[in-house]
Amino acid sequence: MRLRAFAAMLAVLLSGIARGDDGGTHLRAGASAFRDGRYDRALVEFRVAGRLGAGGEATWYVAAALLKLGRVDEAIEAFDAAEREAPQGRDVVLDFYRASACYEAKLYLTADRLLAQVGEKAGPRIGQEAARLRERIAALFTQPPAEAVVDWYLAQADLELRAGRRALARALYAEAAALSGRRPTPYRADAAAAGIQAAAGSAP
Amino acid sequence: MTWLLLAACAAVEPAPRADPMAAQAYAEAGETELSAGSFDTAREAFREALRLDPSLLRVREALERICDAEAAPDPFEEGVRLLDAGRPGAALERFEEARRRSPDAGTALMLGICRYELGEDEAARPLLLEAQDDPLTAQSADVFLGLLALRAGNRSEAASRFASAGGSADPRLSAAASELLKLSRRAGRIVVGAAIDPRFDTNVALASDAEARADGAAVAAVNVSSRPLGWGRGLYVNANLLYRQQFSARDYDFAGAGGAAGWEWSRPALAASLEYGAEAYALGGSLYLLAQRLTASAHWTPGRLSLGGSYRLRPEDFRASGWESYSGYRHTAGLDASWHFDGGSSLALSWRGERHDAFSAALSDWETGPWILCLWRAGADVRAGVQAGVLRRWDDADETGTSLRDMYLHGEAFAEYDLGTQWVLRAGVGAYRTASQAQGGSYGNVFASVGVAWARGFF
């Protein structure tokens, strides 16, 4: 269902791209492959579209294809790059995909924030799916997060930062900060804030 | 190579009209995918680049490299398979190849495990410490760092690492760590154990059915064992005492004392031991039997399967009046095979053959039969099991040419519950039955026991 909605969204977006534009041709080819479930091919076409002039908008679809291929960490990096390069390309369906990537990466609070914005705007089916995800997230937070949980997010963020995945590192630090804030007494909030700054400061 | 891969690496059909600009974009997309480690999408992009511009030599070479790499078996997966098959030496080579390609924490962990299995503790440690830096492999590394500490005799570090790994979200890792934590508390260069197991028998004298006498007994046992060279290697010695006092049939009070010393050789997937022991037993307050034993055993454990064999020579000297003629030599040979399931459960089958050469030839006999043991680990603290066996015995023919034959059937069920790391509550119930050609030689017994055992390691 998400696939159909995404395909419909792509059709609308791509209708604005002039015929004969190489980037547009590859965006359409990517959308077609995406619709058919050939995500490898879709990813290649979206990347080519970006190189041939479709610009930052193609990056949103690259991120969606990466998510479909299970390359969640890269998807989160790509969504972050897309937001910087083409903020106008963002919409509720892509937000839903981004939220799904965050959920898969255990960035539950970030996912929940995005899903809250999706609501029913992306249609009843995505709305229902978003509500189900939010229920699952809510079930994870019936108790305040333990210190070990905050430790895990900070350690994971450190690793991602060292590996050069800065957007993911930043998101993990932010998640740690948010988790710390949900505790009766904050825990390592300073480390999380410093991590966010470090990851943001070194962002391109 | 699968047919899918064959198709993906087949020659590229050029497009009717070349498009160098698009080809360049596909080539760049392919390089991006290749640097992300995604061979499938890189190959897709490179093939399209070559279709649009067959002259792109670097793209052709990159495509060939991908196809060559994918056709070769993944060294990491090969290593896992070899390690699972009990070949850590061969697995080590494959993991080293995998590390050259991708030096990640997972490969460091597997290399550390191989070094541990090979007994190369010094080389294993830095690899496991490297794996500990990654949250994904940290707790698995902790388990093996704990095993290294245990082998070095550092029980407090071992316990600390097992406790840490016990918090893993992976239930199998958590259960293994919890079990090792208990082991670390019960292990040491010197281990002292004690048990009290009150017991009830319906036929304490093993008399014929018509003369069976039921009785209860208090049973206590103490044992001390030592591994002066450390856990799981080399020299070991042990001593044990057992005392059973019947509530009413005091002529069947039983006491035993024994000691043994042995040497254990351990190699990856292979272990062997040679042990000498001596035993003394008293029945009804009088010395009944003195025995010595020499046992050799070997086990090969290629993965989940374990195969073993043993031989024991036991000179026996019966001291009780009327039993002297049974003195002689007992030769026992055994073969066993066991399978270990995830979570600690196991199934074992064994066969035993025994020759009793009594000094009085008329009392010599043969015994042989199979045995089965099913051990079920129901949780981190609960174990249960059943065992059963059949033994056939036949005497040597006497001067009249007559050879008597007996059959023994034995069945038993038991359960154990860990009370913390050093105490175990245990209970068992069982029965055995013999069918003998000898007049009045058939008998049966049903028994039950409930008790507690305690063990603690020192040093």
### Query
If you scan the range A:65-93, which residues turn out to be more than 14 Å from chain B (Cβ to nearest Cβ) and either closer than 14 Å to B:SER38 by Cα or crowded, with 24+ Cβ neighbours inside 10 Å (or both)?
A:PHE79, A:ALA82
### Message
Quick check on my filter: what residues within the range B:171-207 are of a type in the set (D, E, K, R), part of a loop (DSSP other than H, G, I, E, B) and under 21 Å from the mean Cα position of the chain (by Cα)?
### Response
B:ARG189
### Query
Could you list, in sequence order, the residues of the range A:35-58 that are surrounded by fewer than 24 Cβ atoms within 10 Å (Cβ to Cβ), in a helix (DSSP H, G or I) and within 13 Å of another protein chain (Cβ to nearest Cβ)?
A:TYR39, A:ASP40, A:ARG41, A:ARG51, A:LEU52, A:GLY53
### Summary
Of the residues in the range B:34-49 that are within 9 Å of chain A (Cβ to nearest Cβ) and polar (S, T, N, Q), the one that is nearest to the chain's Cα centre (by Cα) is B:SER38
### Task
Give the number of residues within the range A:158-169 that are assigned to a helix (DSSP H, G or I), within 11 Å of chain B (Cβ to nearest Cβ) and farther than 13 Å from A:ALA198 by Cβ.
1
### Residue selected from the range B:117-156 under the condition free of Cβ contacts under 8 Å to residues at least 12 places away in the same chain and of a type in the set (D, E, K, R), by the criterion farthest from B:GLY303 (Cα to Cα)
B:GLU122
### The listed residue being more than 30 Å from B:ALA210 (Cβ to Cβ), touching a residue at least 12 places away in the same chain (Cβ under 8 Å) and not basic (Lys, Arg), out of B:TRP371, B:TRP366, B:TRP454
B:TRP454
### Message
When you check B:GLY441 against the structure, is it loosely packed, with under 14 Cβ neighbours inside 10 Å, touching a residue at least 60 places away in the same chain (Cβ under 8 Å) and either farther than 30 Å from B:ALA177 by Cβ or touching a Lys or Arg at 6+ places or on another chain (Cβ under 7 Å) (or both), yes or no?
### Response
yes
### Message
Suppose we filter A:ALA178, A:ALA131, A:ALA146 for residues that are more than 30 Å from A:PHE34 (Cβ to Cβ) and either more than 14 Å from chain B (Cβ to nearest Cβ) or aromatic (Phe, Trp, Tyr) (or both); which single one remains?
### Response
A:ALA178
### Task
Could you run through the range B:19-33 and say how many residues are within 7 Å of chain A (Cβ to nearest Cβ) and among the small types (Gly, Ala, Ser)?
3
### Query
Got at least one residue in the range A:75-91 being assigned to a helix (DSSP H, G or I), under 20 Å from B:THR41 (Cβ atoms) and of a type in the set (S, T, N, Q)?
no
### Message
Which residue is surrounded by the most Cβ atoms within 10 Å (Cβ to Cβ), if the candidates are limited to the range B:300-320 and must be aliphatic (A, V, I, L, M) and closer than 26 Å to B:GLY256 by Cβ?
### Response
B:ALA320
### Task
Report whether or not A:ARG136 is assigned to a loop (DSSP other than H, G, I, E, B) and away from chain B (no Cβ under 14 Å).
no
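Given the structure, is A:LEU172 closer than 24 Å to A:ALA82 by Cα, among the hydrophobic types (A, V, I, L, M, F, W, C), within 14 Å of another protein chain (Cβ to nearest Cβ) and in contact (Cβ under 8 Å) with a residue 24 or more places away in the chain?
On the way: closer than 24 Å to A:ALA82 by Cα: yes; among the hydrophobic types (A, V, I, L, M, F, W, C): yes; within 14 Å of another protein chain (Cβ to nearest Cβ): yes; in contact (Cβ under 8 Å) with a residue 24 or more places away in the chain: yes.
So A:LEU172 fits the description; yes.
Would the range A:148-157 turn up any residue that is in a helix (DSSP H, G or I), more than 15 Å from A:LYS106 (Cβ to Cβ) and in contact with a Pro (Cβ under 7 Å, 6 or more places away or on another chain)?
Checking the range A:148-157: not a single residue is in a helix (DSSP H, G or I), more than 15 Å from A:LYS106 (Cβ to Cβ) and in contact with a Pro (Cβ under 7 Å, 6 or more places away or on another chain).
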### Message
Out of everything in the range B:123-147 that is within 14 Å of chain A (Cβ to nearest Cβ), more than 23 Å from the chain's Cα centre (by Cα) and not acidic (Asp, Glu), what residue ends up being surrounded by the most Cβ atoms within 10 Å (Cβ to Cβ)?
### Response
B:ALA131
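Could you check the range B:416-459 and list, in sequence order, the residues that are among the hydroxyl-bearing types (Ser, Thr, Tyr), in a loop (DSSP other than H, G, I, E, B) and under 25 Å from the mean Cα position of the chain (by Cα)?
B:THR421
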### Query
Just to be sure, is B:GLU120 buried (at least 16 other Cβ atoms within 10 Å of the Cβ), acidic (Asp, Glu) and at negative phi?
no
### Task
For the range B:332-347, indicate whether the set of residues that are surrounded by fewer than 17 Cβ atoms within 10 Å (Cβ to Cβ), assigned to a helix (DSSP H, G or I) and modelled with pLDDT under 95 is non-empty.
yes
### Task
Inspect the range B:138-152 for any residue being under 25 Å from B:LEU270 (Cα atoms) and in contact with a strand residue (DSSP E or B) (Cβ under 8 Å, 6 or more places away or on another chain) and give the result as yes or no.
no
### Task
Please go through the range B:148-178 and pick out each residue that is among the aliphatic types (A, V, I, L, M) and more than 14 Å from chain A (Cβ to nearest Cβ).
B:LEU148, B:ALA149, B:LEU150, B:ALA152, B:ALA158, B:ALA159, B:LEU173, B:ALA175, B:ALA176, B:ALA177
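The values are calculated or read from the model by the stated rules, or taken from the named source; none is laboratory data. For clarity, every value in this text was computed on a predicted model and none was experimentally measured. Glycine gets a Cβ as well: all are built from the backbone with ideal geometry, and neighbour counts include every protein chain shown.
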